[in-house]
Amino acid sequence: MKHSLYLACLLLSSTCVFGQTLHKGITYNVESSVAWSNGDDFAPFWFTANRHGLFSTDASSGYLKAGLFRSTEQDKERNWRHGYGLELAAAYNHTSSFIVQQAYYDIAWKWMQLSIGSKERPSALKNPLLSSGGLIFGTNARPVPQVRFELPEYITIPGTSDWLHIKGFLGYGMYTDNNWQRDFVAPGQRYTLDALHHVKAGYLKIGNEEKFPLYFEGALEMATQFGGHAYNVTWYDRKGEEGGVKRNDFKMGSGIKDFFEALIPMGGDATDGETSDGESYANASGNHIGSWHFSLTYAPEDWKIRAYYEHMFEDHSMMFFEYGWKDGLAGIEVTLPKNPFVHTFLYEFMNSKDQSGAVYHDHTPEIPDQISAIDDYYNHLLYTGWQHWGMSMGSPFLLSPIYNQNNHPNFFHNTKGSLKFYYNRVQSHHFGICGSPMEGLDYRLLVSHSKHWGSYVMPLIDTEEQTSALLEVSYAPTQWDGWQFKASAAYDHGNTLIGNNFGGMLTVSKCGILTR
């Protein structure tokens, strides 16, 4: 049986790398989870947020998943390496009953790697257990299948005496939620099918931890949605008769030129979709979004303290300092490895209220001044925004479109069945603590409070607030190798879309080595 599974994994991963054979181990993981709550519509916030889109927003849900994995990290001593992963799930009360959560193949040579497929990846410079997540590349949504060239770990720049290090990635992919969008959106609401995905990032580390325990990390992350076909949008076809022909759908380009314009933000002629009132302006084609990261870490031998800041931008007006950096996520994280009850704690503050200001005006012959405001985070004129399967691909505090299942009385406009982010002006405070009081027993506690103003385009009649908490305890018996049992309780209180909820979750998992 083991040999058959071993052969199946080889076939799945296409081929061995340049004739080299597998060695060491293929690992497996099987996990089952069930959650329930007293919420009228939704599960508690922290039962859903930052779980790679696998957990449901429904008040009660469950899943069974199984996966096989092989990591390129096993063969560090070799130049050519490869790895792969396949993780499938059967789910109840989810966006789909059968989920291909991960399916990827990695091929590496020395410090370079090519990754193909759908793969869960952590947020950069964030604690995966305690942080509220990245503003651009978070862990809140299902992975987007892509082809990605990357330097996955820092490499040292020669001639810098081990003080300067870099890493990064560049990739293209495609969204997989076409059918879900068709089912979710209400008549007349906008949606986009067959959209393409582009990501890139560069990371810089300055420091030599062997000589001095202080180091700096900085990064620029950028992403683009391009291509695809937008429906229920208003645009004017200026290739037709004089004055244009009004239509409600728009097909975006997906040729070589469009791939290049996604890589380097440019393009945007008169037919590229600036369309609200029949006027059209040159702009960068596609939906561009990005963030700057800065992190300073002091790490002596027995403890660590790290301060970090991430600044998000939707266009050039907030990418540099033209309008000031008033929006972003600031955090501090302290690690105390000798304290079993509190191993790590962090605090994060996020603000997305400013968005370059409340007034936007593109230049015209009559009024040449341009004001690049109302950035309307995660939204776009043509695309359904920074979401995948209804979940925000950035911060979960900018409440995901999947919550737009009923018209909300605090808006003048119908919101049911819309893929817009209506709660993108937010201030949030977030706390996280974890520890290991005894061998095999771990816990984490998350507490967050957010205040919402809606958006500049769709302001709330009254501001709304939400408090959410999660207590999760996991036990891995030393005598039961690979088994883990996890119990969670979560609580919401507030008047946002999520409302008031209390619930529990039980998870059982088994992992191990399938074959060596």
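The values are calculated or read from the model by the stated rules, or taken from the named source; none is laboratory data. Note that the structure is predicted; figures quoted are calculated from it, not measured. Cβ atoms come from the backbone with ideal geometry, glycine included; neighbour counts cover every protein chain shown. For accessibility, only protein heavy atoms count, side chains too; no ligands or nucleic acids. Shrake-Rupley method; radii C 1.70, N 1.55, O 1.52, S 1.80 Å.
Structural remarks
- Gln102 fulfils the conditions (1) open to solvent by less than 20 Å² (accessible area, probe 1.4 Å); (2) over 24 Å from Leu170 (Cα atoms) except for a single criterion, (2).
- Taking the criterion of being on the phi < 0 side of the Ramachandran plot, part of a loop (DSSP other than H, G, I, E, B) and not hydrophobic (A, V, I, L, M, F, W, C), the residues of the range 476-516 that qualify are Pro477, Thr478, Gln479, Asp481, Asn495, Thr496, Asn500, Arg516.
- Residue that is nearest to Ile116 (Cα to Cα), among those in the range 138-151 that are buried (at least 19 other Cβ atoms within 10 Å of the Cβ) and of a type in the set (A, V, I, L, M, F, W, C): Val144
- Residue match in the range 439-453 (condition: buried (at least 16 other Cβ atoms within 10 Å of the Cβ), under 28 Å from Thr176 (Cβ atoms) and among the hydrophobic types (A, V, I, L, M, F, W, C)): no
- Those strands (runs of 3 or more DSSP E) of the range 59-155 in which at least 3 residues are out of contact with any Cys (no Cβ under 8 Å at 6 or more places or on another chain) and among the polar types (S, T, N, Q), considering only elements entirely within it, cover 112-118.
- Of all residues in the range 20-69, those being on the phi > 0 side of the Ramachandran plot and touching a Pro at 6+ places or on another chain (Cβ under 7 Å) number 2.
- Some residue of the range 438-445 being modelled with pLDDT under 95 and either closer than 18 Å to Thr48 by Cα or not in a loop (DSSP other than H, G, I, E, B) (or both): yes
- Considering only residues in the range 182-205 that are within 20 Å of the chain's Cα centre (by Cα) and small (Gly, Ala, Ser), the one that is nearest to Ile157 (Cα to Cα) turns out to be Gly202.
- Residue under evaluation Ser436, criteria (1) surrounded by fewer than 22 Cβ atoms within 10 Å (Cβ to Cβ); (2) within 14 Å of Leu470 (Cβ to Cβ); (3) polar (S, T, N, Q), criterion not met: (2)
So that you can scan it fast, the table gives a plain yes or no per residue for (1) β-branched (Val, Ile, Thr); (2) farther than 24 Å from Pro122 by Cα; (3) at pLDDT below 95:
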position: Gly394; (1), (2), (3): no, no, no
position: Asn410; (1), (2), (3): no, yes, yes
position: Ser428; (1), (2), (3): no, no, no
position: Cys434; (1), (2), (3): no, no, no
position: Trp480; (1), (2), (3): no, yes, yes
position: His493; (1), (2), (3): no, yes, no
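- Some residue of the range 127-137 being over 20 Å from Tyr378 (Cα atoms), under 13 Å from the mean Cα position of the chain (by Cα) and open to solvent by 60 Å² or more (accessible area, probe 1.4 Å): yes
- Subset tally (residues that are assigned to a helix (DSSP H, G or I) and open to solvent by less than 20 Å² (accessible area, probe 1.4 Å)) for the range 181-220: 1
- Within the range 32-79, being open to solvent by less than 30 Å² (accessible area, probe 1.4 Å) and more than 30 Å from Ser450 (Cα to Cα) holds for Lys65, Gly67, Arg70, Thr72, Asp75.
- Tabulated pairs, the range 131-158, first closer than 11 Å to Glu120 by Cα and free of Cβ contacts under 8 Å to residues at least 60 places away in the same chain, second open to solvent by less than 40 Å² (accessible area, probe 1.4 Å) and assigned to a strand (DSSP E or B), C-beta under 7 angstrom, 6+ apart or interchain: Pro145/Gly117; Pro145/Ser118; Pro145/Gly173
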